[in-house]
1. Just to be sure I understand, how many residues within segment 93-104 are outside any loop (DSSP other than H, G, I, E, B) and open to solvent by 30 Å² or more (accessible area, probe 1.4 Å)?
2. Name the residues in segment 319-341 that are open to solvent by 40 Å² or more (accessible area, probe 1.4 Å) and either touching a Phe, Trp or Tyr at 6+ places or on another chain (Cβ under 7 Å) or of a type in the set (A, V, I, L, M) (or both), would you?
3. Report, by residue number, each residue of segment 142-166 that is open to solvent by less than 40 Å² (accessible area, probe 1.4 Å) and in a helix (DSSP H, G or I).
4. Among all residue pairs at least 6 apart or on different chains, which show Cβ distances below 8 Å where the first residue, located in segment 155-168, is farther than 15 Å from Glu145 by Cβ and the second is part of a helix (DSSP H, G or I) and open to solvent by 60 Å² or more (accessible area, probe 1.4 Å)?
5. Kindly provide the set of residues from segment 303-360 that are of a type in the set (Ser, Thr, Tyr) and under 19 Å from Lys133 (Cβ atoms), ordered by number.
6. When segment 230-246 is examined, which residues are found to be touching a Ser or Thr at 6+ places or on another chain (Cβ under 9 Å) and not hydroxyl-bearing (Ser, Thr, Tyr)?
7. Restricting attention to segment 261-296, which residues are modelled with pLDDT of 95 or more, aliphatic (A, V, I, L, M) and not in a helix (DSSP H, G or I)?
8. Hey, among Glu291, Glu316, which residue is farther than 26 Å from Lys229 by Cβ and surrounded by fewer than 18 Cβ atoms within 10 Å (Cβ to Cβ)?
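The values are calculated or read from the model by the stated rules, or taken from the named source; none is laboratory data. This is a predicted model, so every value here is computed, not measured. Every residue, glycine as well, gets a Cβ built from its backbone with ideal geometry; the counts of neighbours run over all protein chains shown. All accessible areas refer to the heavy atoms of the entire protein, side chains included, with ligands and DNA or RNA removed. Shrake-Rupley method; radii C 1.70, N 1.55, O 1.52, S 1.80 Å.
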Amino acid sequence: MESIHYRPPTHRNRDLDFVLAFFFCFFVLFEAREYLKEEEILERAEEDVIIDSQPDYSTLINEKDKDDGDGDGNGDVQMIDTRDSIAVNWDHIIQSKANSCELIQEWKVAPLPVVFMALGRTGSSITWSTVAKIMGDADPKKAIEITGRINEESVEFFTGIPHPLVESWPSDYICDLQHNFTSANLGNEGGVDGDGDGDSDYDGGGIVGFQWKPYIKTFHTENASSGFKDMANHRIPVIYQTRNPINRRLSNMRHSGHGGDVPAHCDKGDDECMQEQFKFSQQFEFFVGKELKQWLAQDEKHHKMILDGLVNMNVEYIHVTYEELYENENNCVDGWSKIFRLLGLDDKTLDNLTLEEVQSHFGMAKTSSKTHKDLMSNYDEVKKTLVGTEFYDLLN
């Protein structure tokens with residue numbers, strides 16, 4: 001039998017192995033760097049949000065001697081005003097769960113449960129208000145972004161859900177909100193009487209829920225997944241609204257230019273607010289080249305991630321865009337009909353729905369109608385970047 005002799009590696013082989021190892025490590029580090037850069041771009045896209053001045057939470061934040069809508073002898077403290085944001089009062093939700101709060105799914109017996117999913121500057125506030133009014137709520141409250149207005153708050157929310165609620169926090173939160181602050185289960189005899197007329201303020205319609213900003217850092221966390229499962233089990237539908245990412249970014253840049261002196265929204269008919277808005281007619285330098293294309297690609301990746309998540313978790317949902325709701329050149333009501341069909345309105349009602357009727361319920365005014373060319377100081381360079389790409393049609 002031929003003997004096998006060990007041959008130690010030559011210096012040449014060792015040098016080759018070293019070079020190969022070096023290039024392998026360099027490749028891994030380069031790919032990691034590119035991945036982190038993409039994540040940073042996406043997070044920056046997600047953070048395109050103005051933190052508005054807080055709405056009136058007087059119906060939600062009460063001292064112990066304030067409204068007792070559920071008749072349990074305690075103030076109905078749904079939220080806690082802390083820091084610069086509003087935090088969920090989990091102790092109150094746990095107590096409501098212990099009292100066997102039952103979610104009501106019958107419209108006009110109670111406002112319908114719904115979750116609104118949208119990033120900032122997508123038109124979520126006016127859509128929520130308009131839908132609530134058409135569904136019968138004459139004075140709808142804003143859908144609170146309980147899951148966090150920015151990334152950091154989102155992480156804080158999903159890591160702070162107490163153990164008794166981790167499997168059911170959406171339905172528990174909405175159930176408590178539905179019962180305590182619309183008095184849906186109490187009729188006109190025992191409900192919240194904010195105007196002092198002796199009757200419950202609940203008027204037999206509307207929607208109830210919260211806004212979920214789907215940040216990538218928290219979207220696939222265990223508590224987020226449990227929330228989706230709970231929404232699917234209780235048939236809590238999701239209205240998922242997006243907006244042309246270029247428009248969303250420009251909206252953020254425009255309102256950031258106000259320096260906080262002008263609100264991000266104007267109520268319909270508020271001429272003073274509108275005059276302040278139109279004072280800011282400056283153009284903005286938009287980013288271009290590889291950074292712009294990466295940002296748009298990541299935004300699209302984020303959008304597909306959300307759609308896949310909703311489908312995989314069997315959540316009832318519809319996807320609508322700001323453009324089909326508010327920039328409809330054909331006077332088409334299809335986008336709004338999708339929303340109301342999801343919420344259970346019958347075909348006869350939907351057949352009679354007109355865009356004029358929907359627009360009559362708008363509570364906020366449009367603060368800009370300018371084109372990208374009007375708003376971008378470097379429009380031609382942006383256009384050159386996007387020519388021949390799948391994103392070119394985003395320009396107007």
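1. Adding up the residues that qualify gives 4.
2. Listed by number, the list holds a single entry, His319.
3. Asn151, Glu153, Ser154, Phe157, Phe158, Leu165
4. Going by the 8 Å Cβ cut-off, the qualifying pairs are Pro164/Lys97; Leu165/Lys97; Val166/Glu222; Glu167/Lys229; Ser168/Lys97.
5. Tyr322, Tyr326, Ser337, Thr349, Thr354, Ser360 - these are the residues of segment 303-360 that are of a type in the set (Ser, Thr, Tyr) and under 19 Å from Lys133 (Cβ atoms).
6. Asp230, Met231, Asn233, His234, Ile236, Ile239, Gln241, Arg243, Asn244
7. The one that is modelled with pLDDT of 95 or more, aliphatic (A, V, I, L, M) and not in a helix (DSSP H, G or I): Val288.
8. Glu291
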